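To start, the structure under review is shown below, and the notes come after it.
The values are calculated or read from the model by the stated rules, or taken from the named source; none is laboratory data. Computed from a prediction, not measured in an experiment: that's the story for all the values here. Virtual Cβ from ideal backbone geometry, glycine too; neighbours counted across all protein chains shown. These accessible areas exclude ligands, DNA and RNA; they are computed on the full protein's heavy atoms, side chains included. Shrake-Rupley method; radii C 1.70, N 1.55, O 1.52, S 1.80 Å.
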Amino acid sequence: MGKVTDNALATLISSRITEIMNQTGLSLNGLASFAGLTAGPLRSHYNKTLTITVEHVAKICSPFSIPLADFFNPEIALIINTDNLPGLSVFKETISAQEQNFLLKQKIDPTNETVNEDLRRQRELIAYVVYASDYFTEPRTLEQMVDDFHENYKINFSTERIYSLLRKYVGHEVLQRKPLPKPKCKGSISKRPFCILSPRPKLKDYNAVMETQVFV
């Protein structure tokens, strides 16, 4: 196999592969697997970038009982009777089951579930602290919050994560930012503390938020 020099032949082979896929319902990868070929070279034949050997054409034709002469004759339309190919139905069912199992595994991946659960707990803790505690009656820096939330609630945050969660409360005027005096502030955004606005939200506001608000 090498670089394509006969464009007409390459176009015919590509169109034949398309015909087979259309009649069998197989994808390019599925056709390669069913015919016992490697998907990469078959894709190159399909894209007309690589020549194909007669042996490989025979492998494509054999499972569907296509005569080689018919495959190479552009005047003949390929006809594949899938009803006479019970192995094809079994193969497609197997492939479909494998794909479904893969998608299901992706959805219930324990690692993903753990990450999502941690993020949910972080969102809920911040909402609770803002709406149902006295924590923000005094200014708090992000570094203080990281230490306090770990010590008191056993939940780990980064300063960036806390900052991203608190920004919405500043935007909704539930919290405000207070810059520290310059001698105490080294310029980092995390050194600027957050504190609660007056009047303080009540506990019922927290319950309402947890029932209706979508946290990001």
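What are the residues in region 29-51 that are in contact (Cβ under 8 Å) with a residue 12 or more places away in the chain and of a type in the set (G, A, S), if any? Walk me through how you get there before you give the answer.
At the first step, the residues of region 29-51 found to be in contact (Cβ under 8 Å) with a residue 12 or more places away in the chain are 30-31, 33-37, 41-43, 45-51.
Within region 29-51, G30, S33, A35, G36 qualify.
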Do you know which of the residues in region 52-65 that are open to solvent by less than 30 Å² (accessible area, probe 1.4 Å) and in contact (Cβ under 8 Å) with a residue 24 or more places away in the chain is nearest to E93 (Cα to Cα)? F64
Residue in region 164-173 that is modelled with pLDDT under 85, open to solvent by 30 Å² or more (accessible area, probe 1.4 Å) and among the charged types (D, E, K, R) present: yes
What pairs come up if the first residue lies in region 68-79 and is surrounded by 10 or more Cβ atoms within 10 Å (Cβ to Cβ), the second is aliphatic (A, V, I, L, M), and their beta carbons are under 7 Å apart, counting only those six or more places apart or on different chains? L68/V57; L68/A58; D70/I76; D70/L78; F71/V57; P74/L12; L78/I20; L78/I66
Among what's in region 146-174 and is in contact (Cβ under 8 Å) with a residue 24 or more places away in the chain and touching a Phe, Trp or Tyr at 6+ places or on another chain (Cβ under 7 Å), pick the residue that is farthest from V115 (Cα to Cα). L166
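Enumerate the helices (runs of 4 or more DSSP H) found wholly within region 1-51, keeping only those where 1 or more residues are surrounded by fewer than 16 Cβ atoms within 10 Å (Cβ to Cβ) and of a type in the set (V, I, T).
Working: elements: 7-24, 28-35, 39-46.
Passing ranges, in order: 7-24.
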